[in-house]
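The values are calculated or read from the model by the stated rules, or taken from the named source; none is laboratory data. Note that the structure is a prediction, hence the values are computed from the model and not measured. FYI the Cβ positions are ideal-geometry reconstructions off the backbone, even for glycines, and counts take in every protein chain you see. The area values use the complete protein model at the heavy-atom level, side chains included, leaving out ligands, DNA and RNA. Shrake-Rupley method; radii C 1.70, N 1.55, O 1.52, S 1.80 Å.
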Amino acid sequence: MNTQSFSDKIFELSEQFNRYVFEHPEVLNGIPDKAVLVLLDADDPEFNRANIDLAATTPLPAGSQRVHVTMKKKVRTVRQVHWEAEVQAAALA
């Protein structure tokens, strides 16, 4: 995994985690104060290993701990209905 794709993945997971927290703020109750989040992708073991290795080499601030957050894609199929209008002149009676 190259540096750009690794960075892109971290950005995407961060954005999706923030959205998830916004929709489900109760998830924050399970995260200790001062936690350092290590974001993981349920479908990408190569990325996960690289991110865990990176986190292990990064010093933790005093009083903090690492917490792994595994993100999973959930695909919802939404059926969209579109209406079209056909305009016709009314026949004269």
In vacuo Debye sum over C-alpha of region 1-46, base-10 log of normalised intensity I(q)/I(0) at q = 0.31 Å⁻¹, listed in q order, is -1.20
Dividing the mean separation of Cα pairs under 8 Å (6+ apart) by the residue count of the chain yields a relative contact order in percent of 29
Debye calc, one equal point scatterer per Cα of region 42-82, no solvent, log10 I(q)/I(0) at q = 0.17, 0.28, 0.29 1/Å comes to -0.63, -1.04, -1.07
Length gained, D53-Y20, 0.36 nm per residue minus C-alpha separation, equals 9.4 nm
Unit-weight point scatterers at every alpha-carbon of the chain, Debye formula, q = 0.20, 0.23 1/Å: log10 I(q)/I(0) is -1.09, -1.30
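Assigning unit charges at the beta carbon (Lys, Arg +1; Asp, Glu -1) and nothing else, what dipole magnitude in debye, to the nearest 20, does the chain show about its Cα centre?
On the way: 10 positive and 13 negative charges, 51 e Å.
Once rounded to the nearest 20, the dipole reads 240 debye.
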Sorting T58, V81, N29 by the position of each Cα along the dipole of the chain (Lys, Arg +1; Asp, Glu -1; all at Cβ), the one nearest the positive end of that ordering is N29
Of every hundred units of 1.4 Å-probe accessible area on the chain, the number belonging to carbon and sulfur atoms, as a percent, is 54
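For the chain, what is the accessible area per residue in Å² when the probe is 1.4 Å? Don't jump to the answer; show the numbers that get you there.
Values: 8100 Å² over 93 residues.
Accessible area per residue, the chain: 87 Å².
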